[in-house]
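Worksheet: the structure to be examined is printed underneath.
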Amino acid sequence: MNVSTAGSAPVSLELGEDYPDIRDAVRKICEGYPGAYWRKLEDDNAYPTEFVRALTESGFLGALIPEEYGGAGLPLRAAAVILETIHAAGCSAGACHAQMYIMGTLLRHGSEAQKAHYLPKIASGELRLQAFGVTEPTTGTDTTQLKTRAVKDADGYIVNGQKVWTSRALHSDLMLLLARTTSADQVKRKADGISVFLIDIRECLGKGLEIRPLEAMINHNTTEVFFSDLRIPASSLIGEEGRGFRYILDGMNAERVLIAAEAIGDARFFTRRAVEYANERVVFGRPIGMNQGIQFPIARAYAETEAADLMNRKAAALFAAGMDCGEAANTAKMLASEAVWHAADTCFQTFGGFAFAREYDVERKWRDCRLFQTAPISTNLILSYLAEHVLGLPRSY
Ligand SMILES: Cc1cc2nc3c(=O)[nH]c(=O)nc-3n(C[C@H](O)[C@H](O)[C@H](O)COP(=O)(O)OP(=O)(O)OC[C@H]3O[C@@H](n4cnc5c(N)ncnc54)[C@H](O)[C@@H]3O)c2cc1C
């Protein structure tokens with residue numbers, strides 16, 4: 001199918017089960033990690049090391065790294081298919097999806113030397129780049145007001161500050177860090193003066209870097225990170241000093257598409273489970289699925305998921321064509337986060353009391369999928385983006 005936006009060349013969009021070989025291969029890996037595996041991880045508050053290793057060895061986490069740096073050089077849509085399939089199979093890519101896309105900032109803005117040094121090792125999994133330090137406790141969504149400072153001296157930078165919700169930092173070798181290098185009152189625009197650094201966690205721990213686990217509703221291996229006179233070399237800087245916020249924004253559309261794909265995968269998981277249960281469970285002498293009160297919400301969630309999927313494919317196609325995909329990527333992420341929530345709640349209701357029994361995995365996935373409406377960006381901020389940048393309404397903040 002060809003789609004085009006006003007005045008632009010058509011871009012091609014695949015419908016149906018695209019990348020069937022990738023889907024099959026990912027499904028096969030996921031078969032080795034059933035619900036019991038994920039439930040045990042929650043019991044132990046543990047990281048899915050074996051699952052992440054299997055995905056790394058299969059090369060799927062290096063999908064977006066160009067072949068010249070040892071990756072698979074696949075398009076964004078293929079990476080989205082990988083993540084969707086993982087989630088549709090009942091697994092979770094939350095522990096490792098960042099290995100796929102955080103490197104985008106390095107790829108687009110790093111020096112040749114940085115790329116040659118890091119990317120092949122990230123592609124092979126020898127180096128884990130899983131941690132992305134943006135959010136701070138006092139400034140939240142208002143990223144340009146972040147307080148973490150990196151001050152330059154003759155030997156490099158000295159970092160002070162704090163991050164929160166830095167996921168996977170205890171299971172990562174490297175961290176992409178956003179810090180202010182010029183104070184906010186000395187820059188023309190508030191997005192200026194923020195820089196992005198690639199930090200070697202292994203070298204920094206105990207020398208001004210402290211990472212503490214943050215207990216959360218879901219098993220997301222998230223942390224708080226403290227910087228106290230942490231010294232990092234000048235070579236940690238990615239791109240030009242002061243332009244880091246723009247570099248990060250660059251990568252956000254790709255991230256939205258990938259996260260939307262996970263939500264769509266989860267929605268497919270819930271819908272499949274709800275249909276199976278509604279067909280099997282007999283109450284009042286007939287399957288509960290015969291009741292429209294049971295089948296209509298399932299059908300509605302299915303329709304919402306298909307719409308989100310179509311929008312996400314459009315975003316990936318625009319991205320692949322090098323066209324502006326901000327509107328489509330943000331819309332897809334919002335629609336997918338809502339579709340999965342409706343699918344989850346519908347599945348929960350369909351299972352009756354058994355939804356609460358851990359063995360069915362419905363309650364675990366239900367808790368997990370609530371995150372899509374909050375992170376990596378919350379729905380309100382997407383609506384603000386659409387209102388202001390797409391519809392031309394006044395800026396609201
Ligand atoms: C499990 C988990 C993992 C995460 N992983 C990472 C990570 O790896 N790295 C990282 O940097 N961050 C991470 N985050 C942080 C996440 O991106 C933020 O929580 C999210 O962006 C919202 O920021 P906040 O929590 O500070 O909310 P706040 O900014 O305090 O906002 C609170 C509420 O107010 C709304 N709001 C705020 N301002 C406006 C406005 N102007 N208009 C309308 N509504 C508004 C928000 O939408 C939100 O609903 C993670 C969060 C969670 C929960």
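The values are calculated or read from the model by the stated rules, or taken from the named source; none is laboratory data. Owing to the predicted nature of the structure, the values given are computational and were not obtained by experimental measurement. Cβ placement follows ideal geometry from the backbone for every residue including glycine, while neighbour counts extend to all protein chains displayed.
Restricting attention to the range 347-366, the residues being touching a helix residue (DSSP H, G or I) at 6+ places or on another chain (Cβ under 9 Å) and surrounded by fewer than 16 Cβ atoms within 10 Å (Cβ to Cβ) number 7. Residues in the range 202-227 that are crowded, with 18+ Cβ neighbours inside 10 Å and over 25 Å from M103 (Cβ atoms): 0 in all.
Comparison of A131, A93 shows that the only residue that is assigned to a loop (DSSP other than H, G, I, E, B) and surrounded by 17 or more Cβ atoms within 10 Å (Cβ to Cβ) is A93.
Inspect the range 176-197 for any residue being of a type in the set (A, V, I, L, M, F, W, C), free of Cβ contacts under 8 Å to residues at least 24 places away in the same chain and not assigned by TED's automatic domain parsing to the domain that holds Y101 and give the result as yes or no. No: the range 176-197 contains no residue that is of a type in the set (A, V, I, L, M, F, W, C), free of Cβ contacts under 8 Å to residues at least 24 places away in the same chain and not assigned by TED's automatic domain parsing to the domain that holds Y101. Checking each residue in the range 228-240 for being buried (at least 18 other Cβ atoms within 10 Å of the Cβ) and either polar (S, T, N, Q) or over 25 Å from the mean Cα position of the chain (by Cα) (or both) picks out L230, I232, S236.
Scanning the range 338-370 for residues that are touching a Cys at 6+ places or on another chain (Cβ under 9 Å) and either outside any helix (DSSP H, G or I) or not charged (D, E, K, R) (or both) returns V340, W341, A343, A344, A355, V362, W366. Residues that are closer than 11 Å to M100 by Cα and within 16 Å of the ligand (Cβ to nearest atom) were ranked within the range 117-133; the one that is nearest to the chain's Cα centre (by Cα) is Q130. Do we have I218 as under 28 Å from E327 (Cβ atoms) and within 14 Å of the ligand (Cβ to nearest atom) here? Criteria not met by I218. Each residue in the range 134-164 was checked for being hydrophobic (A, V, I, L, M, F, W, C) and either away from the ligand (no atom under 13 Å from the Cβ) or not assigned by TED's automatic domain parsing to the domain that holds Q186 (or both), and 5 of them qualify.
Of all residues in the range 312-335, those satisfying the criterion of being closer than 13 Å to A80 by Cα and either buried (at least 21 other Cβ atoms within 10 Å of the Cβ) or under 16 Å from the mean Cα position of the chain (by Cα) (or both) are N312, R313, K314, A315, A316, A317, F319, A329, A332, K333. Applying the condition of being more than 15 Å from the ligand (Cβ to nearest atom) and among the hydroxyl-bearing types (S, T, Y) to the range 165-201 and asking which residue is surrounded by the fewest Cβ atoms within 10 Å (Cβ to Cβ) yields S183. When the criteria are applied in full, V81 meets the requirement of being at pLDDT 95 or above and in contact with an Asp or Glu (Cβ under 7 Å, 6 or more places away or on another chain).
Go through the range 98-116 and count every residue that is part of a helix (DSSP H, G or I) and either surrounded by fewer than 16 Cβ atoms within 10 Å (Cβ to Cβ) or over 18 Å from the mean Cα position of the chain (by Cα) (or both). Counting residues in the range 98-116 that are part of a helix (DSSP H, G or I) and either surrounded by fewer than 16 Cβ atoms within 10 Å (Cβ to Cβ) or over 18 Å from the mean Cα position of the chain (by Cα) (or both) gives 7. Scanning the range 371-383 for residues that are surrounded by fewer than 17 Cβ atoms within 10 Å (Cβ to Cβ) and more than 6 Å from the ligand (Cβ to nearest atom), we see that the one that is farthest from Y37 (Cα to Cα) is L383.
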